[in-house]
1. Explain nothing, just the number: dipole magnitude of the range 1-74 about its Cα centre with +1 on each Lys and Arg Cβ and -1 on each Asp and Glu Cβ, in debye rounded to the nearest 20.
2. Using Cα pairs under 8 angstrom and six or more residues apart, how large is the relative contact order of the range 1-132, in percent?
3. What is the Cα centroid distance between the range 130-169 and the range 1-76, reported in whole angstrom?
4. Taking all protein chains in place and a 1.4 Å probe, what share, in percent, of the accessible surface of the chain do carbon and sulfur account for?
5. What angle do you read, to the nearest 10 degrees and between 0 and 90, between the alpha-carbon axis of helix 98-153 and the longest principal axis of the chain?
6. Relative to the present Cα-Cα distance, how much length would full extension add between Val73 and Val22 at 0.36 nm per residue of separation?
7. Setting aside same-chain residues fewer than 8 positions from Lys16, which lysines have a Cα under 26 Å from its Cα?
8. To two decimal places, what compactness ratio does the range 43-89 give when its Cα radius of gyration is scaled by 2.2 N^0.38 Å?
Amino acid sequence: KAGLGFEAAVGVGIFKTIMTLVSVALVEDPKWGRRPLLLTGTAGMTASLAALSAIFAQAGGDDPSSTAVLACVVAFVGFYQIGFGPVTWLVLSEIFPLKVRSTALSIGTLSNFASNFLVSALFEFEREKVGEAALFAQFAVIALFALAFENAKVPETRGLSLEEIEAKLKED
């Protein structure tokens with residue numbers, strides 16, 4: 001039992017709300033926009049997961065520093081809330097042509113919830129089989145692939161009409 005309880009849950013909820021509001025404030029900002037928030041968020045998530053892996057690897061069989069683990073988890077949550085969490089849904093709603101949008105959004109939503117289910121269902125099994133260091137390294141590699149994909153394929157859509165976004169995607 002972690003012993004953090006209700007106060008920690010409320011604190012995390014407040015922090016997530018604050019970081020989401022930061023994302024909302026920056027998503028239409030000319031200096032930021034969707035793509036930079038997504039890339040920054042995913043890069044921060046990748047770094048947080050890699051740091052978690054390193055912390056557990058360095059600890060070996062001993063307990064890692066709870067302060068360091070908590071700092072990495074809070075950083076991960078913060079970066080997720082400014083990028084991958086809210087921006088993914090916004091970009092998904094913008095990039096598909098109207099004739100396939102509802103189907104494409106359904107597939108995107110299903111993929112999101114299926115991957116969430118897989119992580120939840122397999123987390124403890126993998127943690128026991130490969131250990132925390134390898135588990136978080138695996139997540140860091142997946143996040144790194146997401147970052148590479150976003151960098152290569154996700155366009156900036158801030159300030160563009162749906163028709164302009166569609167034309168931009170056809171060019172690429």
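The values are calculated or read from the model by the stated rules, or taken from the named source; none is laboratory data. Computed from a predicted model, the values in this text were never measured in an experiment. Heads up, the Cβs are rebuilt from the backbone with ideal geometry, glycines too, and the neighbour counts pull from every protein chain shown. With ligands, DNA and RNA removed, areas are computed over all heavy atoms of the protein, side chains included. Shrake-Rupley method; radii C 1.70, N 1.55, O 1.52, S 1.80 Å.
1. 260
2. Across the range 1-132, relative contact order equals 28 percent.
3. Comparing the Cα centres of the range 130-169 and the range 1-76, I get a distance of 17 Å.
4. Carbon and sulfur atoms account for 68 percent of the accessible area of the chain.
5. 10
6. Stretched out fully, the Val73 to Val22 stretch lengthens by 16.5 nm.
7. Leaving aside lysines fewer than 8 places away in the same chain, those within reach of Lys16 are Lys1, Lys31.
8. Numbers: Rg = 12.1 Å, N = 47, 2.2 N^0.38 = 9.5 Å.
Ratio of Rg to 2.2 N^0.38 Å for the range 43-89: 1.27.
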